[in-house]
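Here is the structure we will look at, set down as structure tokens.
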Amino acid sequence: MKRMYRLLLLTLLATSSLGCEEEEDLPKPTQTGAGIMAARIGGKLWERSSSSNSLIGSGLRVLYTDGYFSIIGSGDKREIDASIQFQMTDVYRPGVYTLRERLPGIFSDAGSYGRVNDLSERNNARSYETTAAGTGTVTITKLDTQNKIISGTFFFRAANLNNPSEFMEVTDGRFDVKYD
């Protein structure tokens with residue numbers, strides 16, 4: 001009887017684990033130019049991979065020149081359809097950089113800011129940006145100008161452009177990209 005009880009218990013344990021999937025998580029931060037950008041947007045997993053220096057189209061686009069750094073990740077292969085963007089000025093070495101508000105410029109936007117576009121509802125896309133309060137940071141952990149690799153982590157809290165009392169949090173962000 002004891003043997004039958006053990007067999008039944010083992011069978012129950014084995015079959016109950018068949019329906020369970022391992023919880024997905026973000027890729028580990030790297031510094032090899034792996035071509036990834038990932039984060040949690042409003043608590044949902046988001047990830048983009050592959051990079052190019054083109055600033056049009058979808059995917060992961062990176063630009064670094066003379067201290068100006070911009071990265072845009074669009075699309076998704078995880079839990080939320082969204083895009084993440086940040087741009088920073090005066091990036092010459094690893095360190096912590098504050099994201100503030102976007103400043104309109106004569107030829108392009110200026111300043112160091114973060115932006116997330118929630119595209120989950122196609123007819124109700126929402127855009128969020130950081131504000132002057134300094135609601136986020138990007139930590140550059142590697143800036144290798146010889147091998148053209150930029151790696152780091154980021155987080156920010158951004159206000160809805162159409163409803164400033166509504167916020168979106170981007171947390172656990174990481175990127176590891178090459179640039180031309």
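Readers should treat all values here as calculations from the given coordinates under stated rules, not as data from a laboratory. What you see is a predicted model; the values in this text were computed from it and never measured. Backbone-built Cβ (ideal geometry, glycine too); neighbour counts: all protein chains shown.
Quick rundown of the values:
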item: log₁₀ of I(q)/I(0) at q = 0.10, 0.17, 0.21 Å⁻¹ - region 30-178, Debye sum with one point per alpha carbon; result: -0.30, -0.92, -1.44
item: Inter-label distance, nm, simple model (7 Å from Cα along the C-beta direction), N147/T98; result: 3.2 nm
item: Among 162-173, 36-47, the order from most to least packed when residues are scored by Cβ within 10 Å on average; result: 36-47, 162-173
